[in-house]
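Coordinate-derived values only; no laboratory data. Predicted model only: the values in this text are computed from it and were never measured. Here Cβ is always computed from backbone atoms with ideal geometry, including for glycine, and neighbour counts include all displayed protein chains.
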Amino acid sequence: MASNDPDLPDPSGDPQPGDLIEIFRPAYQHWALYLGDGYIINLTPVDESQAAAMSSVKSVFSRKAVVRMQLLKEVVGSDTYRVNNKYDHNHTPLPVSEIIQRAQVLIDQEVSYDLLGSNCEHFVTLLRYGEGVSEQATRAIGAISLVTAAASAFSVLGLINTRSRNRPF
């Protein structure tokens, strides 16, 4: 089901070949690339059936993925989606014929998967722009860095506090 949320950018109608599709899962966004005639290409976990892979959080933690061509409506299921070519303002899309050709060559291939460095958003933006980009991964890396910095600061403060309590004067 396409999203009608007024807070989201306008999905600008039906998907067109080469469009990026953002699918809203309960805990994350899954990304696919629209091929046409209702079909998308996306990454799914190697070790799951096609049906289970579509909505599994396990896919986020996999190290390998399979490139699959599937019907958009089956991948979306009861979730929502939108066309989201959000990087078009600073990345020039490749010609649609080249995007589709690059995608079709990869169908049924096993590829490396890494949540932060080579995820489903990186995959589809690599097809569309020739460069893998993922705001989702950038946000996650930023959050991890913030938590690490905070933990380090608390550790140092605890060490200082412990040392000052152990002084005899």
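Here the simple spin-label model places points 7 Å from the Cα toward Cβ, and for V111 and D79 these points are separated by 1.7 nm. Between E98 and D47, the C-beta separation translates, for a Förster distance of 41 Å, into a calculated FRET efficiency of about 0.85. Across segment 85-93, coupling constants 3J(HN,Hα) worked out from phi with the 6.51/-1.76/1.60 Karplus curve, θ = phi - 60°, read 8, 5, 8, 4, 5, 10, 9, 7, x Hz, and Gly and Pro carry x.
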